[in-house]
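The values are calculated or read from the model by the stated rules, or taken from the named source; none is laboratory data. Since the model is a prediction, treat every value here as computed from it, not as a measurement. No Cβ is skipped: glycine too gets one built from the backbone with ideal geometry, and neighbour counts run over all protein chains shown.
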Amino acid sequence: MSSKSPTEAVPVQLRGVTKRYGSETAVAPLDLTVEAGSFVSFLGPSGSGKTTTLKMISGFERPDEGAVLFGARDITSLPPEQRGVGVVFQNYSLFPHMSVARNIEFPLRMRGVDRSIRARKVREALELVELPHVAHRRPHELSGGQQQRIAIARALVFDPALLLMDEPLGALDRRLRESMQLEIKALHERLDVTIIYVTHDQEEALAMSDQIVVFNQGRVEQVGTPQAVYGRPRTLFVADFLGESFSVSGQVADGVFAADAPVALRLDVDAGVGNGPARAIWRSGSVTASPPAGDGSWAPMPTTVVASAFAGDRLKLKLRVGSGTEGIVSMGADWPAPPPGDALDVYVDRKRAVVVGAGEGAEA
Amino acid sequence: MSQPRTGSLHWLLILPLLAVLAVLFIAPLYFVIERGFTDPPGAGWDNYQRALEDPAARRYAWNTIRTAFTVTLCASVLGYTYAYATFRASRRMRVFLLYCVLVPFWTSLLVRTYAWAIMLRDEGVINKTLGSIGLIDAPLPLLRNSFAVTLGMTQILLPFVILPCYSAMTRVDVSLVQAARSLGATPTSAFFRVFLPLTRPGLAAGAFLTFILATGYYITPVLLGGPGDQPVAVLIENAVQQQGDWGLAGALAALVTVLVLVALMAGWRSLTRSVLESGRRS
Ligand SMILES: Nc1ncnc2c1ncn2[C@@H]1O[C@H](COP(=O)(O)OP(=O)(O)OP(=O)(O)O)[C@@H](O)[C@H]1O
Ligand SMILES: [Mg+2]
């Protein structure tokens, strides 16, 4: 539990891991490496295989194919109790028939840890989550946030090298969720532990992670830092899933993107995008109604306002580009919201455009 | 656990049942117990003294309690195991196994007891089979002993353990067992430290029901048991049928009732807890 924990964080590697339930493929062959000591989020919509992947790492499901490695050790067929992985479940899963202290002590008992050491470790774990006064309560006598902290203490008390959390904050209200996010992040910085964190909340993933793994239909769409998956999405799905975006459709030919008429816009694209239908995508910050003067990278784009909403410091606009694609962008709220149906010329930042292929099935 | 109150109206719903109970159960019980004090006239506590000092009565009471304990123990172990196997079985198998528990309920107690008697006697299927394959030379003494009583009563009372246990199991959150595993518990210790404690109220309720029912069993011990297995009920029947001694019968009946009430109070907490918790969402 202390910073000089006996177990060192381990890297986790998935090699061609596949899981099928009957005829349905929950996880398609999946390759992934999680660096030791990092905080990695699995982000994706419901049913995209996040929990299934997590279960194969914790040992509750066996992959139909492929291997799971901790460091250099192949643990594919090791039962969960021998993996030494801490797991925090969405519904906390505290044992209702044991006191908080007994709950936290449980993994230590299972490991035959000496009584006096157990008592000390339980105390330390409770202090770590800042709940030293609830040791003798039953789980049902705690609030949701407190229960979740006890669940975290219990999963950490045996110094696991790897901590798995499956939507641990899903049942909490927004305010509490945000403060718990910071607490978990702080814990991660203090302890030498690899954390894999499942969520379908993109803001949570962006705020907490070193790396984000975006899941879609049992496949990994993109792995990267929050900045990369947000700012440089590689597919339309990632662009849409990670937040507000604004896009125009067009065609890529020989390294140049040309927007469909009536938009007159041409962009150079990197080699990764092949010829064919494509989309140019912008995040909120690179779309504006009033571009800074003298900056040549802003290109005008005629749009129609579909809907608008006031969101405190920003104005949220749903816009349709001539060619039919719709997108949502936020802009500074220092001007009156245009009524739906109005034409609105916005400007997009050429330098910050991301072009992705929009071929078969890429439409989200 | 807090349920919306339906005002005072819900009493009206129980009223018919209470009336039926009063007429068919409480009134006869009262008259029987009353006879214990008034037959012969002016008997007072004499009948009770006779009952308590009668060595036969003590022996028969001991038979009753001993049988009830053995049966409760066997039914609890077998019933919990059966319920657990059902709980872990595939969906279709589960339906089949639960069916097997319920089917005997549609057969009369007397028929089932006779069926055991026929199977267990010297010329019964079991002894015949064992003899014909040469495993035994002489028939095994299977009938008219404690073994037969325990076997018959356990089989008949098993559903009363299986059903509450199974229902308790279906209410357990399986992620708790998974949590135990992830925290280092082997399947065995996850079962004993998490699953069993969480289903204990169901087991306690089942065991308790079985015990209460077993203390009142009459036909099965009489038909399957030997002289050492006869329950108090036999003594009461004797007093009435053979001696016409209603006073002694009344006193004995009252004593048995008190015994059951004491057991009821001892087990009350576990029973009410399991019943109340079954109405609560986990
Ligand atoms: N035990 C199971 N039996 C059959 N199918 C399953 C089982 N568990 C998961 N699946 C299927 O596998 C797919 C992936 O499920 P999984 O639970 O991994 O999704 P998830 O990404 O965790 O979703 P959520 O965000 O809703 O928790 C889903 O289509 C689901 O229906
Ligand atoms: Mg899930």
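Residues in the range A:119-167 that are charged (D, E, K, R), crowded, with 20+ Cβ neighbours inside 10 Å and more than 16 Å from ligand 2 (Cβ to nearest atom): 3 in all. Here the strands (runs of 3 or more DSSP E) wholly within the range A:240-349 that include at least 2 residues being over 29 Å from the mean Cα position of the chain (by Cα) and among the charged types (D, E, K, R) are A:266-268. For the range A:149-174, filtering for residues that are more than 16 Å from ligand 1 (Cβ to nearest atom) and in contact with a His (Cβ under 9 Å, 6 or more places away or on another chain) leaves 1.
Considering (1) out of contact with any Leu (no Cβ under 9 Å at 6 or more places or on another chain); (2) modelled with pLDDT under 90, the lone condition that B:PRO139 does not fulfil carries the number (1).
Identify all residues within the range B:165-216 that are closer than 30 Å to B:ALA254 by Cβ and touching a Ser or Thr at 6+ places or on another chain (Cβ under 8 Å); write none if there are none.
Correct list: B:ALA204, B:ALA205, B:GLY206, B:ALA207, B:PHE208, B:THR210, B:PHE211, B:ALA214, B:THR215.
Of the listed requirements (1) under 19 Å from A:SER48 (Cβ atoms); (2) in the same structural domain as A:PHE70 (by TED's automatic domain parsing), A:ASP240 misses just one: (2).
Restricted to the range B:146-196, the set of helices (runs of 4 or more DSSP H) holding at least 2 residues that are more than 9 Å from chain A (Cβ to nearest Cβ) and in contact (Cβ under 8 Å) with a residue 24 or more places away in the chain comprises B:146-170.
Here's the yes/no breakdown for (1) facing chain B (nearest Cβ under 7 Å); (2) within 16 Å of ligand 1 (Cβ to nearest atom):
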site	(1), (2)
A:SER58	yes, yes
A:GLU61	no, yes
A:GLN90	no, yes
A:MET98	no, no
A:PHE106	yes, no
A:ILE117	no, no
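Within the range A:5-12, the presence of a residue that is at positive phi, at pLDDT 90 or above and part of a loop (DSSP other than H, G, I, E, B) is excluded. For the range A:29-50, a residue qualifies if it is surrounded by fewer than 22 Cβ atoms within 10 Å (Cβ to Cβ) and within 11 Å of ligand 1 (Cβ to nearest atom), and the qualifying residues are A:PRO45, A:SER46, A:GLY47.
For residues that are touching a residue at least 60 places away in the same chain (Cβ under 8 Å) and not small (Gly, Ala, Ser), tally how many sit in the range A:170-188. Residues in the range A:170-188 being touching a residue at least 60 places away in the same chain (Cβ under 8 Å) and not small (Gly, Ala, Ser): 2 in total.
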